[in-house]
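**Student:** The structure is given below, and queries will be raised subsequently.
The values are calculated or read from the model by the stated rules, or taken from the named source; none is laboratory data. Keep in mind that what you see is a predicted model, and the values were worked out from it rather than measured. Backbone-built Cβ (ideal geometry, glycine too); neighbour counts: all protein chains shown. The accessibility values were calculated without ligands, DNA or RNA, using every heavy atom of the protein model including side chains. Shrake-Rupley method; radii C 1.70, N 1.55, O 1.52, S 1.80 Å.
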2 protein chains.
Amino acid sequence: MADVAEKAGVSRALVSIVFRNQPGASEETRQRVLRVADEIGYRPDSAARLLARGRSRTLGVMFTVHQTFQTDLIEGIYPEAERLGYDVLLSATAPGRNEAKAVEALLSHRCEALILLGPDAEAGYLDDIGHRAVTVSVSRRVPGARVDFVHSAEGKGVRQAMEHLVELGHRRIVHVDGGRGPGSAERRRAYRAAMRRHGLESEQRVIPGDHTEQAGIETGRLLLAERDRGLALPTAILAGNDRCAMGVLMALTRAGVEVPRDVSVVGYDDSHLSHLMPIGLTTVRQDATLMAEHAVRFAVERLENPGLEPREAVLDPKLVVRGTSGPPPDGAA
Amino acid sequence: MADVAEKAGVSRALVSIVFRNQPGASEETRQRVLRVADEIGYRPDSAARLLARGRSRTLGVMFTVHQTFQTDLIEGIYPEAERLGYDVLLSATAPGRNEAKAVEALLSHRCEALILLGPDAEAGYLDDIGHRAVTVSVSRRVPGARVDFVHSAEGKGVRQAMEHLVELGHRRIVHVDGGRGPGSAERRRAYRAAMRRHGLESEQRVIPGDHTEQAGIETGRLLLAERDRGLALPTAILAGNDRCAMGVLMALTRAGVEVPRDVSVVGYDDSHLSHLMPIGLTTVRQDATLMAEHAVRFAVERLENPGLEPREAVLDPKLVVRGTSGPPPDGAA
DNA sequence: TACTCGTCCTAGAGCGCACTAGTAGAGCGC
DNA sequence: GCGCTCTACTAGTGCGCTCTAGGACGAGTA
């Protein structure tokens, strides 16, 4: 920077002004400084910049590499952050890299706010970081923690899916839940409520799972094993999310069970996976773009308005009927 | 930091020593400093830390959100970087956020080295950044640019796939290429060479595509439309990557074409998608973990040894035969 | 003329650390 | 008692930038 200043015949402060695009420099000098900087190959060092101004204008996003819905969210976070003049840093959780590690990385890189996509840490810890930095939790409600919360109305989504299935004539509807996955508790509850409401309390069945294809596969195998022991297959399966639904589909199809002729399968998320299935996955759509925008806006507004209390945004999900749901086979109980 | 120093009754320098885990502090003081820091909620500011020491020990990784193979790579990058004492920052390309933007973000956050996963920018630009920072390109050869290069032997992979198909009896094998996608040029060339070598030059056909499901779907539709006009379907399709193969499968299956009975489909990458297909995708496996480790090691070694010239690592891919490949239908030409 | 004001610019302090050079004091041999 | 080394610590500088306070100069106003 000093080199640029010298070579352009101005002070360092002026160079700073030019690079911050601030008023206080004539168009002529501005061009000259920019030209010289380009020649020298100078680029402002953001570490020093962060250090010098109090603020970093950087949002940290924690996500899980393979959760397709989360990567859908990231695509929505970037443009909204850019629009509001914020930088985005990504930190992934992965096997061997837990959430605390990912969060520490973001925090120590001076992120002013954290956007946590489907965090799984305990409420106490999240409350801690909520006090250290503005924090937004996406898809996971954290009772008692000082964090904003963006999610879709899981209850409504599940209700729509269940109504769809019941209208088609299904009664033996099982739910593979998402374990500790974000939104799972709410979806599980809504499934139970819907079964009760339709007088199917006795048919209720929740199979423990999680938000991976593996869980779906295992569920499929479990149900097939039961069938081989003489029990009837359910006529419909409501999966915890799309990835899980994929797994179920895979296990069933491989065993010759036809979807949706023999069994209907419904997912959740409408991640970009779901329309890629050979027959298209019937699923509950969460609007990733909208959720991302809300998350960014919550973070930014709270940063620029420190008095603000954390808020909650609830978006309406919407059932998308594709090819994996249909009427139950004739003669199904 | 000053607060911690004061409250612990030591100098700031001592606090610095403790937090850097350096010799020069007694165990007793060490514990005291740590305890006080914890009480106050002090955490070292990495921006200031970066600024103060010359080096940042941070690797920047550019990737594309939805390329599953790249997210597989990221999972491998983290542990290796941590092992070598480096931090990792992620920056994604996405619609509206091109590679230059993603790279600038990393560079201005003081990443010492860049690991670019399947970069698509022109060689001149990559050479530029190769001169600005240690740069590793994964999966894309950039002739003439000052970058390390980690990839798998695309030629070998394609050759294995082609041999597998030819041995099964296929002759009408088309290739949906990956357009400008990483490795595509090499795969395309290898396909052509293999066709020639097996005396199938006249059957050669490359359909332009890219590394997305959409490209696969469009190819599927194209082939189906041709069939409806009386042309025969190919008996095997070699896709540019797994995602493209998925798309092909989807289009064909939806139209009632059975895989592999009517058509065999082979992918490339063995991303975690491929074993999830209902029948399992036959594909060419690239070892993501190994590639990630090489990339990190190249970057780090060149950082710590500035004299080193950029290198190239070629890993051997391996055909994984699953359920989407089989003998061609009887009577196929 | 004397003044204000606006534009374009500069000097210099300080952001939170790391690091070099150095000090104080304990322990040791002679 | 001396010098010596080793451990445990500290003062002070500088990393590359931003930002506040203010200066120089010309144009407009009283």
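**Student:** In the stretch B:30-45, is there at least one residue being in contact (Cβ under 8 Å) with a residue 40 or more places away in the chain, in contact with a Lys or Arg (Cβ under 7 Å, 6 or more places away or on another chain), within 16 Å of DNA strand C (Cβ to nearest atom) and closer than 26 Å to A:ILE77 by Cα?
**Tutor:** No, the stretch B:30-45 has no match at all.
**Student:** If you don't mind, there's one more thing I want to ask. Evaluate the following for B:ALA37: is it in contact with a helix residue (DSSP H, G or I) (Cβ under 9 Å, 6 or more places away or on another chain) and within 11 Å of DNA strand D (Cβ to nearest atom)?
**Tutor:** Taking the combined requirement at face value, the residue does not satisfy it.
**Student:** Take the residues in the stretch B:246-261 that are touching a strand residue (DSSP E or B) at 6+ places or on another chain (Cβ under 7 Å) and under 15 Å from A:HIS275 (Cα atoms), then tell me which one is farthest from the other protein chains (Cβ to nearest Cβ).
**Tutor:** Ranking the qualifying residues of the stretch B:246-261, first place goes to B:VAL248.
**Student:** If I filter the stretch B:151-171 for residues that are buried (at least 18 other Cβ atoms within 10 Å of the Cβ), without any contact (Cβ under 8 Å) to a residue 24 or more places away in the chain and in contact with a Leu (Cβ under 9 Å, 6 or more places away or on another chain), do I get at least one hit?
**Tutor:** For the stretch B:151-171, residues buried (at least 18 other Cβ atoms within 10 Å of the Cβ), without any contact (Cβ under 8 Å) to a residue 24 or more places away in the chain and in contact with a Leu (Cβ under 9 Å, 6 or more places away or on another chain): absent.
**Student:** I'd like to verify a number: residues in the stretch B:227-252 that are out of contact with any helix residue (DSSP H, G or I) (no Cβ under 7 Å at 6 or more places or on another chain) and of a type in the set (A, V, I, L, M), how many?
**Tutor:** Going through the stretch B:227-252 one residue at a time, the tally reaches 3.
**Student:** So, restricting to helices (runs of 4 or more DSSP H) that lie completely within the stretch A:172-271, which ones have at least 3 residues that are more than 28 Å from A:GLY118 (Cα to Cα)?
**Tutor:** A:213-228, A:242-254
**Student:** Could we say that A:GLU112 is farther than 25 Å from B:PRO79 by Cα, in contact with a Ser or Thr (Cβ under 7 Å, 6 or more places away or on another chain) and modelled with pLDDT under 95 here?
**Tutor:** For A:GLU112, the condition - farther than 25 Å from B:PRO79 by Cα, in contact with a Ser or Thr (Cβ under 7 Å, 6 or more places away or on another chain) and modelled with pLDDT under 95 - is met.
**Student:** I've got another one for you. Looking at A:ALA295, A:ALA255, which is the one that is touching a helix residue (DSSP H, G or I) at 6+ places or on another chain (Cβ under 9 Å) and surrounded by fewer than 19 Cβ atoms within 10 Å (Cβ to Cβ)?
**Tutor:** Testing whether each residue is touching a helix residue (DSSP H, G or I) at 6+ places or on another chain (Cβ under 9 Å) and surrounded by fewer than 19 Cβ atoms within 10 Å (Cβ to Cβ) leaves just A:ALA255.
**Student:** Return the residue satisfying two criteria in turn: it lies in the stretch B:274-289 and is open to solvent by 70 Å² or more (accessible area, probe 1.4 Å) and not basic (Lys, Arg), and of such residues it is nearest to A:ALA245 (Cα to Cα).
**Tutor:** Out of the qualifying residues, it is B:HIS275.
**Student:** Give the number of residues within the stretch B:298-333 that are in contact with a helix residue (DSSP H, G or I) (Cβ under 7 Å, 6 or more places away or on another chain) and either assigned to a helix (DSSP H, G or I) or free of Cβ contacts under 8 Å to residues at least 40 places away in the same chain (or both).
**Tutor:** 1
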